[in-house]
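To start, the structure itself, in structure tokens.
The values are calculated or read from the model by the stated rules, or taken from the named source; none is laboratory data. On a predicted model such as this, the values are computed, not experimentally measured, just so you know. Quick reminder, even Gly has a Cβ in these numbers, built from the backbone with ideal geometry, and neighbours come from all protein chains shown. Ligands, DNA and RNA are excluded from the accessible area calculation, which covers all protein heavy atoms including side chains. Shrake-Rupley method; radii C 1.70, N 1.55, O 1.52, S 1.80 Å.
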Amino acid sequence: MGALQIVLLPCLADNYCVILHEPDSGETAVIDAPSAAAVKAALSERGWRLNQIFVTHHHTDHTGGIDELKAFYGASVTGPEAEAERIPSLTKLVTAKSELSFAGHPIEVLETPGHTLGHVTYYFPNDGIAFTGDTLFSLGCGKIFEGDPEMMWGSLSKIAALPDDTQIYCGHEYTLNNARFALTIEPENDALKKRVAEVETLRAAGRPTLPTTVGLEKATNPFLRPQSRSIQARIGMLGAPEWEVFARIRQLKNKA
Ligand code: ZN
Ligand code: FE
């Protein structure tokens, strides 16, 4: 069982599809399938064949390529049991209790509802990587379309509880836009200022800002920092419960 090769593939306007490849077995997977054409091109360039599609949630910008990829490669499609009706192409339904692996690498399913009610995050504990879909973004988090702020805060807390060096792959390249908002919430955070400068350089060069890490997000992402006294003071919520501070930050971002 070899190390996983990881390709971060930009798709559509600002989505990412992540391709995983295990060289010994030749097994190949994608996390989410925004576009079949982009995935097919990236795979054929490398001579890889798709075995597995892992889906984080039912939104079209994450599922639009599934049917064509499934038909073309005969790939199996794993996704949240709670969204089985919204994603009819699933062949394997998972919950937090599911035993899952890819090419011998164990996968833990974290239930991370809020953006959608069935949203899941795939965590590979032996590889130290997590695929957070539209739950956690670098310097941001997903909009709460189906759940409520308390639920979303619970989901983000599960991701924040992973080891600090866990590499985080998100569903979108939203980091630069998120950075501008984050600076309004915590302008004095030196780690944030440093990350923003890095993000600006990466984006100016047309490069991705991902993966990020749990540790970096805990130090810089306002949505993971509702316990920060300086954030609480800035938004007039000193001493308020974490999820309420989180909810207020989400509300401010929605209006930004
Ligand atoms: Zn989404
Ligand atoms: Fe999305």
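The radius of gyration of the Cα set in the chain, together with its Dmax, comes out at 18.0, 56 angstrom. For Lys218, the lysines whose Cα falls under 17 Å of its own Cα, not counting residues fewer than eight places away in the same chain, are Lys158, Lys193, Lys194.
Available extension along the chain between Glu45 and Ala197 is 51.4 nm, counting 0.36 nm per residue and deducting the alpha carbon span. Within the same chain, aspartates and glutamates fewer than 8 places from Lys97 are excluded, and of the rest, those with a Cα less than 17 Å from its Cα are Glu81, Glu83, Glu108, Glu111.
Any idea how far the Cα center of the range 137-177 sits from the one of the range 185-200, in Å? Value for the Cα centre distance between the two parts: 18 Å. In this Cβ point-charge picture (+1 for Lys and Arg, -1 for Asp and Glu), the range 176-238 has a dipole of about 40 debye about its Cα centre. Of Pro226, Pro113, Pro125, the residue with the greatest mean-square motion in the GNM of the chain, using alpha carbon springs below 10 Å, is Pro125. Amide H contacts for Leu136 (H built 1.01 Å from N in the peptide plane; partners 5 or more residues away or on another chain; cut-off under 5 Å): Gly142.
By the helix-only formula, in which each DSSP H run with n ≥ 4 contributes -39500 (n - 2.57) and the sum is divided by residues, the chain has a 222 nm mean residue ellipticity of -10000 deg cm²/dmol. Once you reduce the range 1-66 and the range 208-256 to the center of their Cα atoms, the two points are 31 Å from each other. Across the accessible surface of the range 5-255, with the other protein chains kept in place and a 1.4 Å probe, carbon and sulfur atoms take up 49 percent.
Summarising the label geometry, the points placed 7 Å from Cα in the beta-carbon direction at Gln251 and Gln5 lie 5.0 nm from one another. Taken per residue, the accessible surface of the range 113-201 reaches 37 Å², heavy atoms only and a 1.4 Å probe. The calculated FRET efficiency for the pair Lys97 and Asn126, based on their C-beta separation and a Förster distance of 25 Å, comes to about 0.85.
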